[in-house]
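Okay, so here's the structure we're looking at.
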Amino acid sequence: MSRSLPPGATAVLLALVLALLVFRLGAVPLLGPDEPRYARVAVEMQRAGDWVRPTLQGEPWLEKTPLYYWLAGAAFARLGENETAARLPSVLAALLLVGTTALAGARLFGPAAGLHAGFAAGTSLLVFAYGRAASMDMLLAATVTLAVALLGLRVLGIAGRLAMVAAAASAGLATLAKGPLGLLLPLLVLGGWVLATREWRWLREACSPAALLACPVVASPWYGAILLDQGRHVVEGF
C-alpha cells in the first residue's frame, strides 16, 4: 500500500485551508493587548533593520523570541504595515502544521488517513483561531508538531536517521518561536517513549553529534547575539 500523499488531493487540502485562513484576514483590526504589541515590535525591527534586538517604543522587548518578528517584518516589507501582513506568519505556520499532520498520517496509516487527519487539523477551531492571529502560538505548534512527527516516524522505523537530525533542527526553530518550551516538548515526547518501551538506543541516537549540533546550529546564533547585546537582561526578560 502506498504511504505517500496524492499530490492533487494534497494541493486541494492546502488550498482549502489557505482560503479558510486568509478570508477577510485583514478586515478585523489587531485584537487585545498582544496582537498590536507583537506587530509593533516586528514593525520596529523591520524599520530599524536590526534583526537581533526586539524593541517596543524604542526600548528592548525581551519577553519573546524573534521568529514571529522576523517573519512579520519580512511580510511588512513586501505587503506594507497592515493586519494581513501581521497575521501572515501564523497562516503559513498553520499550513505547515496541516501538511505535517497529513504527511505523518499517510506514512503511518496510508494516504486516506493522512488526508482525513489533515482536514481534521485544518478545520479545527484552535488552528483556525491561532492561524489567523498575530502571535507566536501557531509557530510554536507547527514547529513542535514537525519535530514530534519526525521523531515518531524515526522511532517507528518509517524514516531514516536523518529524521532525528531534522527533528532536532525543528526543535531549534521551535525555541526561536517561543523559547525553551519548543525544545522541552519534543524531549518529553521522546523521553516518554523511551521510558515506556525501554528502547534506550533512541536516546543514544538523539545524542549523536549530528542531532546534538542541529538544534544549536539553528537557534544559537540569535541567542548568542542577544546575550552579547543585552547580557543578563535576556534571562530576566524570559
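The values are calculated or read from the model by the stated rules, or taken from the named source; none is laboratory data. Since the structure is predicted, the reported quantities are computational estimates derived from the model, not experimental observations. Because the Cβ atoms are built from the backbone with ideal geometry, glycine has one as well, and the counts that use them run over all protein chains shown. Just so you know, the surface numbers come from the protein's heavy atoms only, side chains and all, with ligands and any DNA or RNA stripped out. Shrake-Rupley method; radii C 1.70, N 1.55, O 1.52, S 1.80 Å.
Just checking, which of LEU5, LEU31, LEU25, LEU13 is assigned to a loop (DSSP other than H, G, I, E, B), surrounded by 11 or more Cβ atoms within 10 Å (Cβ to Cβ) and in contact with a Leu (Cβ under 7 Å, 6 or more places away or on another chain)?
Result: LEU5 is the single residue among LEU5, LEU31, LEU25, LEU13 that is assigned to a loop (DSSP other than H, G, I, E, B), surrounded by 11 or more Cβ atoms within 10 Å (Cβ to Cβ) and in contact with a Leu (Cβ under 7 Å, 6 or more places away or on another chain).
Among GLU63, GLU59, which is the only one that is open to solvent by 70 Å² or more (accessible area, probe 1.4 Å) and free of Cβ contacts under 8 Å to residues at least 40 places away in the same chain?
Within the list GLU63, GLU59, the selection yields GLU59.
Condition first: charged (D, E, K, R) and within 20 Å of ILE226 (Cβ to Cβ). Now tell me which residues in the stretch 27-82 satisfy that.
ARG37, ARG40, GLU44, ARG47, ASP50, ARG53, GLU59, GLU63, LYS64
I need a count of the residues in the stretch 23-51 that are touching a residue at least 40 places away in the same chain (Cβ under 8 Å) and under 19 Å from the mean Cα position of the chain (by Cα).
Counting residues in the stretch 23-51 that are touching a residue at least 40 places away in the same chain (Cβ under 8 Å) and under 19 Å from the mean Cα position of the chain (by Cα) gives 5.
Say we look at the stretch 203-238 and pick out the residues that are among the hydrophobic types (A, V, I, L, M, F, W, C) and open to solvent by less than 30 Å² (accessible area, probe 1.4 Å); which of these is farthest from SER170 (Cα to Cα)?
Checked the stretch 203-238; the qualifying residue farthest from SER170 (Cα to Cα) is VAL234.
Here is a list: LEU184, LEU173, LEU153. Which entry is in contact with a helix residue (DSSP H, G or I) (Cβ under 7 Å, 6 or more places away or on another chain) and farther than 30 Å from GLY26 by Cα?
Sole residue among the options that is in contact with a helix residue (DSSP H, G or I) (Cβ under 7 Å, 6 or more places away or on another chain) and farther than 30 Å from GLY26 by Cα: LEU153.
Looking only at the stretch 112-142, how many residues end up being more than 30 Å from PRO36 (Cα to Cα) and touching a Ser or Thr at 6+ places or on another chain (Cβ under 6 Å)?
Residues meeting the conditions: 2.
I'm trying to understand the selection: among the residues of the stretch 90-129, which are surrounded by fewer than 20 Cβ atoms within 10 Å (Cβ to Cβ), within 19 Å of LEU185 (Cβ to Cβ) and of a type in the set (Ser, Thr, Tyr)?
SER124
Based on this model, can you work out whether ARG87 counts as open to solvent by less than 40 Å² (accessible area, probe 1.4 Å), out of contact with any Pro (no Cβ under 9 Å at 6 or more places or on another chain) and under 22 Å from TYR68 (Cα atoms)?
yes
Considering only residues that are open to solvent by 20 Å² or more (accessible area, probe 1.4 Å) and either within 15 Å of VAL91 (Cβ to Cβ) or in a helix (DSSP H, G or I) (or both), which ones fall in the stretch 45-56?
Matches in the stretch 45-56: GLN46, ARG47, ALA48.
Can you tell me which of (1) open to solvent by 20 Å² or more (accessible area, probe 1.4 Å); (2) farther than 16 Å from THR100 by Cβ; (3) touching a Leu at 6+ places or on another chain (Cβ under 9 Å) is the one ALA134 doesn't meet?
(1)
So that you can scan it fast, the table gives a plain yes or no per residue for (1) without any contact (Cβ under 8 Å) to a residue 60 or more places away in the chain; (2) touching a Phe, Trp or Tyr at 6+ places or on another chain (Cβ under 9 Å); (3) open to solvent by less than 80 Å² (accessible area, probe 1.4 Å); (4) among the polar types (S, T, N, Q):
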site	(1), (2), (3), (4)
LEU162	yes, no, no, no
LYS178	no, yes, yes, no
VAL189	yes, no, yes, no
ARG201	yes, no, no, no
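Looking at GLU199, GLU205, which one is in contact with a helix residue (DSSP H, G or I) (Cβ under 8 Å, 6 or more places away or on another chain), over 14 Å from LYS64 (Cβ atoms) and not in a helix (DSSP H, G or I)?
GLU199
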